Amino acid sequence: MDLKVAFVIVCLCALAITSTKAGIPKCCIKTKTHIPKQVLMNVQRWNMQQSTGACDIPALILHVKNMSRPICAHPKWLEVVLSRQQKMKHKKRRATY
């Protein structure tokens with residue numbers, strides 16, 4: 001009886017960890033210093049990884065259209081990404097008029 005109870009508790013704990021964000025955080029362990037222009041044009045969204053939490057290094061996490069995994073870029077690329085997104089918005093506005 002004790003073995004069954006222990007097994008159920010272990011299974012519930014494993015389910016709780018894997019079904020929530022309480023599990024192991026996904027961190028960038030290294031960053032790219034060069035990112036192609038075509039990739040920068042297809043960035044859909046981005047996040048900043050801080051080095052103060054569970055992750056060791058600061059990084060810019062780029063979620064790119066038609067790519068299954070995000071790209072870990074050096075934080076210096078943030079200005080370039082923001083300017084590209086502004087240009088794309090401006091082009092879309094001009095196309096609708």
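The values are calculated or read from the model by the stated rules, or taken from the named source; none is laboratory data. Keep in mind the model is a prediction, meaning the values are calculated, not measured. With ideal geometry, Cβ positions are generated from the backbone for all residues, glycine too; neighbour counts draw on all protein chains shown.
Observations on the structure shown:
- Considering the range 88-97, and only residues there that are surrounded by fewer than 11 Cβ atoms within 10 Å (Cβ to Cβ) and either in contact (Cβ under 8 Å) with a residue 12 or more places away in the chain or of a type outside the set (Phe, Trp, Tyr) (or both), the residue that is nearest to THR31 (Cα to Cα) turns out to be LYS89.
- Subset of the range 44-78 (residues that are loosely packed, with under 10 Cβ neighbours inside 10 Å and not in a loop (DSSP other than H, G, I, E, B)): none
- Qualifying positions in the range 1-43 - at pLDDT 85 or above and not in a helix (DSSP H, G or I): CYS27, CYS28, ILE29, LYS30, THR31, LYS32, THR33, HIS34, ILE35, PRO36, ASN42, VAL43
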